[in-house]
Amino acid sequence: MAALHLRPLAPYLSSLSKRPLNFSYSHSISISRRNSRFSASIMASAAKKVLVPVANGTEPLEAVITIDVLRRAGADVTVASVEKELTVDACHGVKIVADALISDCADVAFDLISLPGGMPGATTLKDCKTLENMVKKQAADNKPYAAVCAAPAVALGSWGLLKGLKATCYPSFMEQLSSSASAVESRVQQDGKVVTSRGPGTTMEYAVALVELLYGKEKADEVSGPLVMPLNHGEEYTFTELNPVKWTSGSSPQILVPIANGTEEMEAVIIIDVLRRAKAQVVVASVEDKLEILASRQAKLVADVLLDEAITSPYDLIVLPGGLGGAQAFANSEKLVNLLKQQRESNKLYGAICASPALVLEPNGLLKGKKATAFPAMCSKLSDQSEAENRVVVDGNLITSRGPGTTMEFSLVIIEKFLGREKALELAKTMLFVH
């Protein structure tokens, strides 16, 4: 099981990885139970095996979104370190503990191999002979392989695996890509069984494309629906604001992001990653009795501090990721709820996404007199649903949003409110979220 170590003030967060549950069955003479058992066995055997290699310098946001979305489709995702140790130092000080070393995976047949980007991670992936041989065998066997950001040019292109194919990558690597592929500027490019994409802001689209490649369009639609993805990818984000107030902070915003067992790892990762890219001082605090939490899709995240330590400092903003189990844990944390109430009473900033507005803020009176939104299936729990269809809602010192697919916008709006729209759009363009 992969674990992530979060360092205070590091610009990135990543989480990896879940091992699927093993099916085991007791003997039964009941025909119906035998049939159920057989059906479940078929489902278990149908799980597609996916390899996501990681290295020192891997871009963690690209890794975690890919893994999260593929696991929503039921894929058996293995995260493999190409380093000598299971623990890798991903970009900007993030530590990821992989499931296995790449050498342990060399003889495993995978239905898909997907390479995250990041530098120097992509170069390290390219230089790993075991991984190169595995991806070349994948190509020889006419099985899918994929890469995002720097990895299409740096790894796949260098291995000669994009010859005659249309492919894309991060803009600053397009010249390199053009020497080994037919380079195009698509956000996601599929040519046969090869999928490539541009960067952090296109990774969710890329991951859904991988689901469609493995499982078909019906499954991709089933997975993408609850993500609440943007309708028009690449367009400038918008948000709804009522009762505008100026959001202020010191030299850089001090932001607390609590996490708990059952937190939606993709939402947590995107919030922390994007805010740290904007140089916000982000502290990740566990509301559990230990730093390590087990997120909603079995990813292990290790917080910077326990909540007890975190509450001794003041914050410009407290922001809650979603995830059903995580939101329930937040609601059950008297210390966190009291901290949120103090934040509101002091006219300081607070926010939540997905299940958390409905399960944490609403029951504790933190939405009283406020307009808010939440995960679509949770909006019925909001006492005022008049703005609930909006993707991001800012009402004075409160910000709320809907789900994984709105988390990038949610994070960018936070940056805009603190640092201005120009800064937020600059970051959005750098991440390829906006054209």
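The values are calculated or read from the model by the stated rules, or taken from the named source; none is laboratory data. None of these values were measured; they are calculated from a predicted model. Here the Cβ is made from the backbone with ideal geometry for all residues, glycine too, and neighbour counts use every protein chain on show. With ligands, DNA and RNA removed, areas are computed over all heavy atoms of the protein, side chains included. Shrake-Rupley method; radii C 1.70, N 1.55, O 1.52, S 1.80 Å.
Only one entry in L361, L367 is in contact (Cβ under 8 Å) with a residue 12 or more places away in the chain, open to solvent by less than 20 Å² (accessible area, probe 1.4 Å), in a helix (DSSP H, G or I) and not acidic (D, E), namely L361. Scanning the stretch 233-251 for residues that are touching a strand residue (DSSP E or B) at 6+ places or on another chain (Cβ under 6 Å) and more than 29 Å from M204 (Cβ to Cβ) yields one hit, N243. Annotation: of all residues in the stretch 177-204 being out of contact with any strand residue (DSSP E or B) (no Cβ under 9 Å at 6 or more places or on another chain) and touching a residue at least 24 places away in the same chain (Cβ under 8 Å), the one that is nearest to V269 (Cα to Cα) is M204. Select from the stretch 391-421 the residues that are under 21 Å from the mean Cα position of the chain (by Cα) and assigned to a loop (DSSP other than H, G, I, E, B) and write down the one among them that is surrounded by the fewest Cβ atoms within 10 Å (Cβ to Cβ). Applying the filter and picking the extreme gives R391. Here the stretch 88-117 is the region considered, the condition is being among the small types (G, A, S) and open to solvent by 10 Å² or more (accessible area, probe 1.4 Å), and the residue that is nearest to Q298 (Cα to Cα) is A100. Screening A155, A207, A122 for residues that are touching a Cys at 6+ places or on another chain (Cβ under 8 Å), touching a residue at least 24 places away in the same chain (Cβ under 8 Å) and surrounded by 19 or more Cβ atoms within 10 Å (Cβ to Cβ) leaves exactly one candidate, A122. Output the number of the condition that A377 fails; it satisfies all remaining conditions of (1) crowded, with 17+ Cβ neighbours inside 10 Å; (2) in contact with a helix residue (DSSP H, G or I) (Cβ under 9 Å, 6 or more places away or on another chain). Against the list (1) crowded, with 17+ Cβ neighbours inside 10 Å; (2) in contact with a helix residue (DSSP H, G or I) (Cβ under 9 Å, 6 or more places away or on another chain), A377 comes up short only on (1).
Of the residues examined, L213 is not one that is open to solvent by less than 30 Å² (accessible area, probe 1.4 Å) and under 22 Å from L51 (Cβ atoms).
The number of residues in the stretch 163-190 being under 25 Å from the mean Cα position of the chain (by Cα) and over 23 Å from M431 (Cβ atoms) comes to 0.
Of all residues in the stretch 227-249, those that are at pLDDT 95 or above and either in contact with a Phe, Trp or Tyr (Cβ under 6 Å, 6 or more places away or on another chain) or not in a loop (DSSP other than H, G, I, E, B) (or both) total 5. All conditions in (1) open to solvent by 20 Å² or more (accessible area, probe 1.4 Å); (2) closer than 26 Å to R277 by Cα; (3) out of contact with any strand residue (DSSP E or B) (no Cβ under 8 Å at 6 or more places or on another chain); (4) among the aliphatic types (A, V, I, L, M) hold for A140, with the sole exception of (2).
Scanning the stretch 126-137 for residues that are among the β-branched types (V, I, T) and crowded, with 17+ Cβ neighbours inside 10 Å turns up just one, V135. When each of A424, A355 is tested for being within 17 Å of the chain's Cα centre (by Cα) and hydrophobic (A, V, I, L, M, F, W, C), the lone residue that passes is A355. All conditions but one from (1) open to solvent by less than 40 Å² (accessible area, probe 1.4 Å); (2) under 23 Å from L432 (Cβ atoms) apply to R72; the one that does not is (1). Any residue at all in the stretch 159-173 that's open to solvent by 10 Å² or more (accessible area, probe 1.4 Å), at negative phi and assigned to a strand (DSSP E or B)? Scanning the stretch 159-173 turns up at least one residue that is open to solvent by 10 Å² or more (accessible area, probe 1.4 Å), at negative phi and assigned to a strand (DSSP E or B).
When restricted to residues that are surrounded by 13 or more Cβ atoms within 10 Å (Cβ to Cβ), among the charged types (D, E, K, R) and more than 29 Å from L324 (Cα to Cα), the stretch 231-261 contains 1.
If you check E288, E235 for being among the acidic types (D, E) and closer than 20 Å to T407 by Cα, only one passes: E235.
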